[in-house]
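Worksheet for the structure shown next.
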Amino acid sequence: MSYPSQIEKQLHSALQQTSVAGDLPENLEVQVGPATDSRFGDYQSNIAMVLAKRLKTNPRALAEEIIEHFEPGDICEPAEIAGPGFINFRITTPSLESGLMAQIDDSERLGLPQLSDQESKKIVIDFSAPNIAKPMHVGHIRSTIIGDCLGRISRALGHEVITDNHIGDWGTQFGMIIYGWKHFLDQAALDEDPIEALLTIYKKVNDVSKEDDSIREECRRELVKLQQGDAENLEIWKQCVELSRGSLDKIYDLLDVKFDHWLGESFYNDRLAPLVEELEKEGHAVESDGALCVFFPDDPNLAERAPCMVRKKDGGFNYATTDIATIEHRVNEFNADDIWYVVGAEQKLHFDQIFAIAKKRELETGLNFIPFGSILGKDGKRFRTRSGDTVSLTDVLDEAVERARKIIGEKNPDLSDDEKEEISKIIGIGSVKYAELSQNRLTNYIFDWDNMLALKGNTAPYLINAYVRTRAIFRKLGHEKASILSN
Ligand code: ARG
C-alpha cells in the first residue's frame, strides 16, 4: 500500500477516537497529499480544517486531538501541526530504506503495483492526430507526449492500451490542395521536402482564392469530386497522405512514439451517410436550416450552446460526424472500456457534444476528454517564429538536439563523435519531452530553451545526470539490478 493510503487509513482510525467521532459524515474522504513544503514533512492532510468547517469547531484544536490519537506505526514520525490546522507527516528513514530495498529486489517491476484482471481495462487513447499535408507545429508536441506517456503508464500498470492516431486526412483542406496540385505543383520542391511543398501550395491557393471567388468555387468542386470518388483526385489525395505519413514517421521515430493504429478521418468515410440516417431515424438529429443537427435540450451544459451539426446544407459531413462514427468503431470493434482523448482545451465543446450523442445512443464506454493548455513564447503570447509563423515541430526538435550538442561539446570535448551524437539526441529530445511533462497539464506554459536545457533545477539534463551518477554508484557496488530506462 502506498504511503498516502496507509496514512489515510491511520487517520481514519484516529478520527474514530476523537470527540467528533459521532458526527463524522458517512463516506468521509480523508485525503493525504505530498507536502507543499518539504521542510515540514513528506505528506500533509487538511482533514482537520475540512471537518472543522463542517462541524463548526476550531481546526487547530481538532488537529491536536487527531494527532494525539494518531498511531504512526513504523512508517512515520509523530505527526505535527502547522498553520491553521494542517497535519504533517514525515516518513521514517528505516521505512524509506526498506521500501527502496524492496523496490530494488523487484527487478521486474521496481515495486510498481500490477492491476488484477478485474481492475484492468481496455483503453483506447486518441492522441497526436495532426491534420496532414501541413507540417506538425510545436503545439502538437503536447498531445503527442502526454498521450504517449499516459499510454506507457497505463500499460505498465496492467491496462490493455490501444493507441490510435486519428489523423485529419480528409476534409475541406483537400479541395484547396488538389486545386493547387493541379495548378501550382513544383515537382522538384515536392521531391526535396514534400510537406514544405504541400504547404507552399496550400498557402498559394489560400492567397489567390481570397481574391478570386471563382477559384474558391473550383476548390469546392475539386473537394466534391474527391468525395464522390473521382479517380484522379483520389490518386492525388493518396499521394499527399503517403508523403505526409513519411514525414510524420520521422518525427515519431525521433520521439520514440508508436501507434497501434492509424485510423484517420478518411477511414470512416463510408460509415458517415448511413450513420447520419440512423441518427435521424432514432430521432437524435433533426433538420435545421437545411442542415442536420443534434440538439441537447435536456442537457444544462449544452442546451444553450450551438447544436452539433452532423450534415451540412450541401450534404457534406462534419468533424463531429466522423467522431461519432469513431466512437462507435472503438466500442464495437475494439471493445473499449474507456476512450481517452488528449486534445487541446479549445475543443471542449466538440467533445462534450459527441460524448452526449454517444450517451443518447447508449454506447457503453467511459469517455474522457484530457485537455491541456497552450505553449506560449517568452512574451506570454502564443509561441511563434520571429516572422509570426507557427513554429514547426521538426525545427524545435532539431534545435533541441543542436543545443544539447553544443553544451556537450563544451563540457566533454573528448567524447567520440558518435557518442556526442547519441548523447545529444538523448538529452535534446529528453529535454523537450520532460519540459512538457513537468508542467501542470492544464495551464499554459512558456517555452524557454534555457530553462529546458539547464543543468540545474527540475529539468531533463539534471535528472539524467542524477540517474547516470546513481547507476555509476551501483556499478561500483557491483549491483547492476536497477534499471529504469528500459521502459
Ligand atoms: N485533427 C484534430 C486537430 O488537429 C485533432 C483530432 C483529435 N481527435 C479526435 N478524435 N477528434 O485539431
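Quick note: the coordinates plus some simple rules give every number you see, no bench work behind them. In this text the structure is predicted, and so the values were computed from the model without any measurement. All Cβ positions, glycine included, derive from the backbone under ideal geometry; neighbour counts span all protein chains shown.
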- Note on the structure: For residue 163, the residues 5 or more places away or on another chain with a placed amide H closer than 5 Å to its own amide H are 125, 260, 261
- Task: Label the range 69-226 by shape, choosing from rounded, prolate and oblate, from the square roots a ≥ b ≥ c of the eigenvalues of the Cα gyration tensor; if a/c is under 1.5 it is rounded, and otherwise prolate applies when a/b is larger than b/c, oblate when it is not.
- Result: prolate
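How large is the Kirkwood hydrodynamic radius of the range 346-451, in angstrom, based on all distinct alpha carbon pairs? Let's see the in-between values first.
Working: mean 1/r = 0.0593 Å⁻¹.
The Cα-based Kirkwood calculation yields 16.9 Å.
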- Selection from 317, 279, 297, by position along the positive dipole direction of the range 278-319 (Cβ): 317
- Message: Report the Cα-based extents of the range 15-160 along its three principal axes, largest first, to the nearest Å.
- Response: 66, 40, 35
- Based solely on its DSSP helices, what 222 nm [θ] is calculated for the chain when runs of n ≥ 4 H residues each add -39,500 (n - 2.57) and the sum is averaged over all residues, nearest 500 deg cm²/dmol? -16000 deg cm²/dmol
- Message: Need one number: convex hull volume per residue for the range 253-389, Cα atoms only, in Å³.
- Response: 178 Å³
- Message: Quick check: residue separation of residue 107 and residue 378 times 0.36 nm, minus the Cα distance between them. What number comes out in nm?
- Response: 93.3 nm
- Task: May I ask which residue of 93, 219, 237 lies farthest towards the positive end of the charge dipole of the chain, with charges of +1 (Lys, Arg) and -1 (Asp, Glu) on Cβ and the Cα centre as origin?
- Result: 93
- Query: Using only the Cα atoms of the chain, what do you get for the radius of gyration and for Dmax, in Å?
  - Reply: 27.6, 83
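Multiplying the sequence separation of residue 347 and residue 269 by 0.36 nm and subtracting their Cα-Cα distance, what value in nm do you get?
The residue 347-residue 269 span can extend by a further 25.9 nm.
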- Note on the structure: Taking Rh as the Kirkwood radius computed over alpha-carbon pairs of the range 218-308 and applying Stokes-Einstein at 20 °C with viscosity 1.002 mPa s, one gets a diffusion coefficient in µm² s⁻¹ of 127 µm²/s
- Which one of 113, 135, 57 has its Cα pushed farthest toward the positive end of the charge dipole of the range 48-151, where Lys and Arg give +1 and Asp and Glu give -1 at the Cβ? 135
- Within a Cβ distance under 15 Å of residue 29, other residues only, what is the Lys/Arg minus Asp/Glu net charge? +1
- Query: Principal axis lengths of the range 389-487 from Cα atoms, whole Å, largest first?
  - Reply: 52, 34, 23
- Radius 12 Å from Cβ of residue 178, net charge of other residues (Lys, Arg +1; Asp, Glu -1): 0
- Message: Just the number: Rg to Rh for the range 1-99, Cα atoms, Kirkwood Rh, two decimals.
- Response: 0.95
- Stick to the Cα atoms of the range 334-382, pair each with every other, and give me the Kirkwood hydrodynamic radius in Å at one decimal. 12.5 Å
